[in-house]
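First up is the structure itself, then whatever we jot down about it.
The values are calculated or read from the model by the stated rules, or taken from the named source; none is laboratory data. Just so we're clear, the structure is a prediction, and the values are computed from it rather than from any experiment. Neighbour counts run over all protein chains shown; Cβ positions are idealised from the backbone, glycine included.
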Amino acid sequence: MTTKHSTPDDTPGDGPSDAVVFQHDWTEREELVGKIVSAVATVTDTDETEIERVYDRLDPESLNTLFSQARTDRHTTDARLVFSLETCTITVHGSGLVIVQQ
């Protein structure tokens, strides 16, 4: 589920949101990178095909491996990774919470 947060003077549906927040399930095979690109497109009001390649910033498989609890006995829910893409800051929490903000 995606939650879009707008600034108080924004009219819902008009222009980009200042943040997109969603929950990722690390046990599912769904690609986190695709969700992040979609969120960046929403926040920046840009077409997904025009977004900078995530692969130039990090290895998507490494992102999944870093937080995977199935592959390790580490407790990763308190872990956090922050990186930038376009004009956005992306924060990925081990709990699965992802925040994309401009």
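Count of region 10-32 residues, restricted to those that are at pLDDT below 90 and either more than 15 Å from residue 64 (Cα to Cα) or part of a helix (DSSP H, G or I) (or both), is 10.
Kindly list the number of the only condition in (1) within 20 Å of residue 22 (Cβ to Cβ); (2) at pLDDT 90 or above that fails for residue 50. Only one criterion is unmet by residue 50, namely (1). Screening region 24-48 for residues that are buried (at least 20 other Cβ atoms within 10 Å of the Cβ) and of a type in the set (Gly, Ala, Ser) and picking the one that is nearest to residue 97 (Cα to Cα) gives 39.
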